[in-house]
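Just so you know, all these numbers are worked out from the coordinates, no wet-lab data involved. Just so you know, these numbers come straight off a predicted model, no measurement behind them. Counting neighbours? That spans all protein chains shown, and the Cβs are built from the backbone with ideal geometry, glycine included.
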């Protein structure tokens with residue numbers, strides 16, 4: 001009886017799972033046209049399909065070599081020839097028994113001809129995105145090619161962005177919060193190629209806090225002095241007799257002012273001898289004496 005119940009539960013559980021789409025792949029990134037993502041170890045019978053989209057196109061096309069594969073990687077070098085400007089956007093979706101997950105777009109870890117290369121510097125209330133003006137896209141297409149910098153708090157959708165030619169500083173950010181950025185090329189305001197993988201930095205607190213600490217310390221010192229000086233003045237003016245009486249009760253040892261004992265003085269080991277002198281009456285040349 002128990003065996004039948006277990007078999008029934010397993011069958012029902014498997015049927016329920018078969019009606020639920022698989023979880024979408026995560027952390028999809030490209031490195032030298034090799035697309036990789038973590039394997040779904042807890043999901044069975046899951047396959048993956050890689051798709052690409054060229055410039056200014058909303059149509060996604062399957063990569064022929066990467067349709068319903070069980071591997072967690074795919075070489076997508078063939079898509080380079082398919083994309084306008086030689087660049088494409090890539091995404092991956094999981095599939096199980098005819099049900100597909102939400103497709104997830106890939107990002108690029110390293111800059112190349114289709115993906116910008118950038119670094120971040122966080123300052124008080126700001127985040128500077130360092131970008132090169134002389135990138136390959138700009139050299140070929142001039143000012144029509146720009147950087148699109150997406151930014152926002154960590155864990156929130158990055159809906160805000162700035163289109164810039166080179167480095168940019170994003171201001172009025174909350175101090176102590178962690179902000180993340182992604183950068184993508186745009187050509188005539190249309191995204192081109194893969195976006196960079198996300199980079200994040202914590203916005204440091206401004207020097208105002210240290211200045212405030214210094215002001216607090218200074219105020220405390222002033223208060224202490226304002227309290228200490230009147231107290232000392234009170235004792236010196238009104239308690240002079242008490243202070244004298246306290247000093248007179250203190251006895252100085254009698255031998256305190258005695259001179260230093262002669263026995264402890266250093267004794268010179270040198271002795272002076274009396275010198276004997278002779279008076280020279282005259283000096284004559286050596287030839288005359290001969």
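Each 10 Å bin from zero holds the following percent of Cα-Cα pairs in region 119-202: 18, 52, 24, 6, 0. State whether region 20-108 is rounded, prolate or oblate according to the following rule on the C-alpha gyration tensor (a ≥ b ≥ c being the square roots of its eigenvalues): a/c under 1.5 gives rounded; otherwise a/b larger than b/c gives prolate, and the remaining case gives oblate. It is prolate, given that a/c is not under 1.5 and a/b is the larger ratio. On the basis of the beta-carbon distance and an R0 of 45 Å, residue 20 and residue 164 show a calculated FRET efficiency of 0.55.
Would you please classify the overall shape of region 65-162 from the alpha carbon gyration tensor, given that a ≥ b ≥ c denote the square roots of the eigenvalues, rounded means a/c under 1.5, and beyond that prolate means a/b larger than b/c while oblate covers the rest? Taking the square roots of the gyration eigenvalues as a ≥ b ≥ c, region 65-162 is oblate.
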